[in-house]
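Novice: Quick one: the structure is below, questions incoming.
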Amino acid sequence: MAVHHLKIDGMTCGGCSGRVARVLEAMDGVERAEVDHVEGTGVITTASSVTMDMVLEVVQGTGFTCAPA
Ligand SMILES: [Cu+2]
């Protein structure tokens, strides 16, 4: 198991954070995605086969800017 901490920029409401969390939770190997639009953060719990780069790519696919936190 791995826990990835992200900084996610550009989310303005619960719709944004909900969309990012849904997309992450649909990803293979993701067990849990907690996304907070107020803090601009994400805490993603995954199988150890999922890398930070894979998580970042999926978040960037939603249109938000992100980086490891
Ligand atoms: Cu929004």
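The values are calculated or read from the model by the stated rules, or taken from the named source; none is laboratory data. Note that the structure is predicted; figures quoted are calculated from it, not measured. Here the Cβ is made from the backbone with ideal geometry for all residues, glycine too, and neighbour counts use every protein chain on show.
Novice: Quick one: which residue in Asp28, Asp9 is within 13 Å of Gln60 (Cβ to Cβ), surrounded by fewer than 12 Cβ atoms within 10 Å (Cβ to Cβ) and more than 9 Å from the chain's Cα centre (by Cα)?
Specialist: Asp9
Novice: Answer yes or no as to whether Glu57 is under 10 Å from the mean Cα position of the chain (by Cα) and either at pLDDT 95 or above or away from the ligand (no atom under 16 Å from the Cβ) (or both).
Specialist: Yes: the conditions hold for Glu57.
Novice: For segment 41-62, which residues satisfy the criterion of being within 14 Å of Thr12 (Cα to Cα) and out of contact with any Cys (no Cβ under 9 Å at 6 or more places or on another chain)?
Specialist: Across segment 41-62, the qualifying residue is only Thr41.
Novice: Go through segment 31-53 and give me each residue that's surrounded by fewer than 15 Cβ atoms within 10 Å (Cβ to Cβ), away from the ligand (no atom under 16 Å from the Cβ) and not in a strand (DSSP E or B).
Specialist: Ala47, Ser48, Ser49, Thr51, Asp53
Novice: Here's another thing I want to ask about it. Which pairs do you get when a residue that is β-branched (Val, Ile, Thr), found in segment 7-35, comes within reach of a residue that is more than 16 Å from the ligand (Cβ to nearest atom) and in a strand (DSSP E or B), reach meaning Cβ atoms under 7 angstrom, with the pair 6+ apart or on two chains?
Specialist: Val30/Ile44; Val30/Thr46
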